[in-house]
Amino acid sequence: MEKKSHAVTGRQFILISGIPGSRKTTFGRYLKEKHGFYFFETDPKPNWDKFTEELGLGGDNFVARWLNRHGNVCLEWGFDPCYLPYVLRFKKQGASLFWFTCDQHIARPNYLEAHSNDPNGVYLDIQLKKIKDARLPTPDFVTIETYIDGKPIPLEELTTKVLSKSGYVLPK
């Protein structure tokens, strides 16, 4: 199946993955608040259950179903690498895949601040090992550095970068 043209659909499905603490959730919330994207974060357990239920309805038309239901979509997926085949199916359906990254000395404190249930970063270390062992990101992702010289890229600048690489132009 070929990737659908964004010009034809007039909508955008962006999947944001990457290392924990690289501002995936912050970016998704920004797209929702400032640009009206439907933002879905898969990490919280109730959301993951809803998401896997939705996948069970059929992974082959998942992207079209969500675009029809929600308009522009930003799916934040800090996925276990064993789910990579699903992510690649989304790309074949027209999703733009992005991998957010930053230096580990920046990501770790960001992650720890956001995940009080993992104060020593045990889950973070497990996830980083899985990412490394899976050799992620694959060439299917566009890699986006979310920090320059230790400072976060402003969210609107990050938005412009991501959307321009996906071929989508925000309405004026």
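The values are calculated or read from the model by the stated rules, or taken from the named source; none is laboratory data. Just so we're clear, the structure is a prediction, and the values are computed from it rather than from any experiment. Quick reminder, even Gly has a Cβ in these numbers, built from the backbone with ideal geometry, and neighbours come from all protein chains shown.
Test L75 against the criterion of being under 14 Å from the mean Cα position of the chain (by Cα), touching a residue at least 40 places away in the same chain (Cβ under 8 Å) and either closer than 25 Å to S166 by Cβ or in a loop (DSSP other than H, G, I, E, B) (or both), and give yes or no.
Criteria met by L75.
Is there any pair with a first residue in the stretch 26-39 that is crowded, with 17+ Cβ neighbours inside 10 Å and a second that is of a type in the set (G, A, S) whose Cβ atoms are under 6 Å apart and which are 6 or more apart or on different chains, and what are they?
F39/G28
Would you check which residues across the stretch 113-135 are of a type in the set (A, V, I, L, M) and in contact (Cβ under 8 Å) with a residue 60 or more places away in the chain and list them?
Those that are of a type in the set (A, V, I, L, M) and in contact (Cβ under 8 Å) with a residue 60 or more places away in the chain: A114, L124, L128, I131.
Out of L84, L67, L57, which single residue is of a type in the set (A, V, I, L, M, F, W, C), modelled with pLDDT under 90 and more than 30 Å from D125 (Cβ to Cβ)?
That would be L57, the only listed residue that is of a type in the set (A, V, I, L, M, F, W, C), modelled with pLDDT under 90 and more than 30 Å from D125 (Cβ to Cβ).
Take the conditions among the aliphatic types (A, V, I, L, M), buried (at least 17 other Cβ atoms within 10 Å of the Cβ) and without any contact (Cβ under 8 Å) to a residue 60 or more places away in the chain and apply them to I153. Does it pass?
yes
Kindly provide the set of residues from the stretch 26-50 that are in a helix (DSSP H, G or I), at pLDDT below 95 and within 22 Å of P137 (Cα to Cα), ordered by number.
Selection gives W48 alone.
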